[in-house]
Structures are given as structure tokens and as C-alpha cells.
Amino acid sequence: MTTPILALNNAALTLAGNAGPVSILRGITLNVQRGESLGLIGPSGSGKSSLLMVMGGLERASSGTVHALGHDMTAMDEDQLARFRRDHMGVVFQSFHLIPTMTALENVALPLELGGVQDAFTRAQAELETVGLGTRMDHYPSQLSGGEQQRVALARAAAPRPAILLADEPTGNLDGKNGAAIMDLLFGLRDRHDATLIMVTHAPELAQRCSRIIRLKDGKIDTEAEAEKGAA
Ligand SMILES: Nc1ncnc2c1ncn2[C@@H]1O[C@H](COP(=O)(O)OP(=O)(O)O)[C@@H](O)[C@H]1O
Ligand SMILES: [Mg+2]
């Protein structure tokens, strides 16, 4: 039996709200195998983003355990977790999250430099060429369209060659044409880097591209909707 790349065991997330603690994730148990692509679907507020954050080590589970690549993220201190994320996780958000004062090239090179990559700028350049932005590398985010900004964010997430790529509604702010292009790039990067992809989407037709679909409802897994796949 191979170790799952991600293993959640009864993972829960409770956050402090104004009227007391709010239960956001309520006992998620889930194994993801290397090379799988997992689509997370479910209504707004069902906990998709929260689950993605817990899987990516960006949010700490309140109870239960979360193992990634065989390591228990719930047992790491902040520094260990930050380093682990930097080395193994690539994250793409709906709203791009680029640093506005840095060029496209600098945005992609920064995490590589922080990770001690020697040829950070050369590699960043190559990643930007891969996403079709070879001629836009010196542009700032404000000088780029939404689709272009998301390409930069994809290049940034993929450049360190993370084992796990996490994307939270990566096409949510894009029109259909740009969204489709981003999806193609995302799955292309996954294939090229042999990464495991976890993607939140509220569009079932986008989730269909994943090898497996999980539906959330009220902070729990509703149905493991493998059967929903097929038509696309
Ligand atoms: N920081 C927070 N504090 C309190 N409640 C939160 C916080 N973040 C999210 N929530 C609540 O947790 C639930 C799940 O949110 P989220 O994971 O963003 O859902 P989804 O991505 O499926 O729309 C929602 O009810 C939301 O209001
Ligand atoms: Mg969300």
C-alpha cells in the first residue's frame, strides 16, 4: 500500500465567531493518492475554501490530523509549516494574490529565491514562457488582464515544482474563454510536474476534469460523487 499524498483523519476546523465558536469543518476523513486530481464542490459556505486551506497547511486543523507526504502537518510549529508549504505546496486563488509592486517576473522568482533556488530568475522566466507570458514579464499586475494575472499566479505556484497544487476557484474571476485557458494550463502543469491537484470549483463542469469529485455540505463530506463523473 502506498502512503497517500494527503491524509485527513477526522479533521475539524472551529473558528472563534462573535457569538462563540463556529464549527466550519466537522470531521473530514479523506485520503488523496499521488497523481489524483480532486475536485471539491458544494454550495457556498459549505467549507470548500476552508478544507483547501487545511489541506495546504494554510489553516491549522483544530482537531484530527492532516498528513501530507507522510508528514503530520498538525504537529509542525509555524516555521516548520511555512517551510513545508514552501517546499511542497503551490496555491492559486480566485483573486490571484500577486504582489502589486513587483513585476510578473519578480512575483514568480520571489518564492524561488526564498526557497534557495540558485537560478530563480531563469526558472521564473521559463515558467512564464510556459504560460504564454514571455513578452509580459516586466509588467506589473495592474498592467495585466485578469487572465494574464492568473497565468502569473499559476507560474508562481508551479515554479517550485510542488508535489501538491491547490486551486480555489481559479477561474472564478475570469470569463469563459480565459477560464478555459487557465484550466488547460493548470492541468498541463499538473501533468508536466507530476503533481497532485486539488481544486475547488462551484462549476460542476469544471470539476468533471478531475479524476475524483468530493461534495461538501455544512462542513462535511456529502457524497463522494465519483458517479457524477462521466458525461463530460
Ligand atoms: N475566518 C472565519 N471566521 C468565521 N467563520 C468563517 C471564517 N471563514 C469562513 N467562515 C465560515 O465558514 C463557512 C465555510 O466557509 P468557506 O470555507 O469559505 O466556504 P466555501 O468556500 O464553500 O464557500 C462559512 O459559513 C463561512 O461563513
Ligand atoms: Mg470558497
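Some values worked out for this structure:
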| item | result |
| --- | --- |
| Whole-number accessible area per residue in Å² for region 127-196, which is evaluated in the context of all protein chains at 1.4 Å | 40 Å² |
| Residue 200 long-range amide H proximity, modeled H, under 5 Å | 40, 167, 168, 169 |
| Region 176-214 versus region 6-66: alpha-carbon centroid distance in Å | 20 Å |
| Under the Karplus curve 6.51 cos²θ - 1.76 cosθ + 1.60, θ = phi - 60°, whole-Hz ³J(HN,Hα) for region 27-39, x wherever Gly or Pro sits | x, 9, 10, 6, 10, 10, 8, 3, x, 5, 10, 10, x |
| Within the accessible area of region 173-213 (1.4 Å probe), percent carbon and sulfur | 49 percent |
| Semi-axes of the equivalent ellipsoid for region 121-165, Cα gyration tensor, largest first, Å | 18, 12, 8 |
| Region 47-136, accessible surface, carbon-and-sulfur percent (1.4 angstrom probe) | 49 percent |
| Sum of side-chain charges, residue 105 neighbourhood, beta-carbon under 15 Å (Lys, Arg +1; Asp, Glu -1) | -3 |
| Nearest-20 debye value, the chain charge dipole, Cβ charges on Lys, Arg, Asp, Glu | 300 debye |
| Vicinal HN-Hα couplings computed from phi for region 180-196 (Karplus, 6.51 cos²θ - 1.76 cosθ + 1.60; Hz; Gly/Pro x) | 5, 5, 5, 4, 4, 5, 4, 5, x, 5, 4, 5, 5, 9, 6, 8, 9 |
| D_trans [Stokes-Einstein, Kirkwood Rh over alpha-carbon pairs] for the chain, 10 °C, 1.306 mPa s, µm² s⁻¹ | 88 µm²/s |
| Value of relative contact order over the chain, rounded to a whole percent, pairs C-alpha under 8 Å and six or more apart | 27 percent |
| Accessible area expressed per residue, region 44-112, with surrounding protein chains retained (probe 1.4 Å, Å²) | 43 Å² |
| Estimated vicinal HN-Hα couplings, Hz - region 4-11 in sequence order (Karplus 6.51, -1.76, 1.60; Gly, Pro = x) | x, 6, 10, 9, 9, 10, 6, 6 |
| Relative contact order for region 1-88, counting Cα pairs under 8 Å that sit 6 or more residues apart, in percent | 35 percent |
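The values are calculated or read from the model by the stated rules, or taken from the named source; none is laboratory data. Since this is a predicted model, take the numbers as computed values, not measurements. Cβ coordinates were reconstructed from backbone atoms using ideal geometry, including for glycine residues, and neighbour counts include every protein chain displayed. Side chains included, ligands, DNA and RNA excluded: accessible areas come from the protein's heavy atoms. Shrake-Rupley method; radii C 1.70, N 1.55, O 1.52, S 1.80 Å.
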